[in-house]
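The values are calculated or read from the model by the stated rules, or taken from the named source; none is laboratory data. In this text, all values refer to a predicted model and were calculated from it rather than measured experimentally. Virtual Cβ from ideal backbone geometry, glycine too; neighbours counted across all protein chains shown. Surface accessibility is based on the protein's heavy atoms, side chains included, excluding ligands, DNA and RNA. Shrake-Rupley method; radii C 1.70, N 1.55, O 1.52, S 1.80 Å.
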Amino acid sequence: MRKKLLAGNWKMHKLRGDTKSFFESLFQSSPFSKISSSNVEIAFGVPATSFETALLATQNKGVKILAQNCHWETQGAFTGELSTAMLQDIGLFGSIIGHSERRQYFAETNANVGKKWNALANSGLLPVVCVGETKSEREQNQTTSVVRQQIDEALSQVTEEARKRDFVVAYEPVWAIGTGLTATPAMAQEVHAFIREELAKTLGKERAEKIKILYGGSLNPANAKELLSQPDIDGGLIGGASRKVDDFSKLIEIALSF
Ligand code: PGA
């Protein structure tokens, strides 16, 4: 059975003090106290300025800290970038890559997402690879072709060896991110099952069955139960609701019920 993964994505939010107090109160919440012997895993993608604070605050708590982006080269003249070696060196568990905001505002391409995936896997870090269609692509019935292209073009940059390493896919319909709109459980399940079939074509069915596919896009305590009960939805990549301890602990409580 695949464990459920709740991965927060804080985006460009929280100073170090906020990070510290967030984790202090999360760890006092009753749902959190039940996760150690459960099938629920927790991770947070935090801003680089909070890496160290988050790592110290979550020591021995089983919470994984992720970056929200990385560069694929080990080092070099790439002003403002962080390599996977740097992320690994500070003690992170992995990185979100290919988030739609990075694709939209920072011209991230499928090929670059693939190079980042490859670099993360080679550094022993977990790639959390985001895919998803825009509103107009969905309206033109292009959802599956867009998602297929995002996966295939990224995978083409990942070596055979790196493909064997664990990774997570996050399906995030762009029109649902930060808008309060959510894909219906049936809509999301359909795309998740499609992603798993696509992965099976390249990696084999047995392996594809083990890959976690998260849903993202206005996931919150009111809609999580139905979404997370879908057979191919293995957790969530959560923006807004991951920044509030109350909401996030309610999400943990829901994930614990499966
Ligand atoms: P949201 O963000 O939950 O605020 O919609 C999700 C994401 O962007 O990963």
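Worth pointing out:
- Positive-end residue, region 1-111 charge dipole about Cα centroid, Cβ charges, pick of T79, F27, N60: F27
- Distances between placed amide hydrogens fall under 5 Å for A170 paired with V129, C130, V131, L214, all partners being 5 or more residues away or on another chain.
- Unsatisfied cross-links (Cα-Cα over 22 Å) in the set K115/K212; K201/K225; K4/K64; K64/K250; K14/K225: K201/K225; K14/K225
- The candidates E226, E133, E153, arranged from most to least accessible area with a 1.4 Å probe in the full protein assembly, appear as E226, E153, E133.
- Compactness of region 33-179 was expressed as the Cα radius of gyration divided by 2.2 N^0.38 Å, which yields 1.08.
- With coordinates expressed along the principal axes, the C-alpha atoms belonging to the chain extend over 45, 44, 34 Å, beginning with the largest.
- Whole-percent carbon and sulfur share, accessible surface of the chain, 1.4 Å: 50 percent
- The HN-Hα couplings worked out from phi for region 4-12 by the Karplus form 6.51 cos²θ - 1.76 cosθ + 1.60 (θ = phi - 60°) are 7, 10, 9, 10, x, 10, 7, 6, 8 Hz, whole numbers, x standing for Gly and Pro.
- In this structure the amide hydrogen of S83, modeled in the peptide plane, comes within under 5 Å of the amide hydrogens of H71, none closer than 5 places in sequence on its chain.
- Shown here are the Rg and Dmax of the Cα trace of region 125-239, at 13.6, 41 Å.
- Per-residue Karplus couplings for region 185-195, computed as 6.51 cos²θ - 1.76 cosθ + 1.60 with θ equal to phi - 60°, are listed in order as x, 5, 4, 5, 4, 4, 6, 4, 5, 5, 4 Hz, Gly and Pro entered as x.
- Taking amide H as placed 1.01 Å from N in the peptide plane, the amide H of G235 sits under 5 Å from that of L5, Y215, each at least 5 places away or on another chain.
- Heavy-atom accessible surface of region 46-196, averaged per residue, reaches 46 Å², computed with a 1.4 Å probe.
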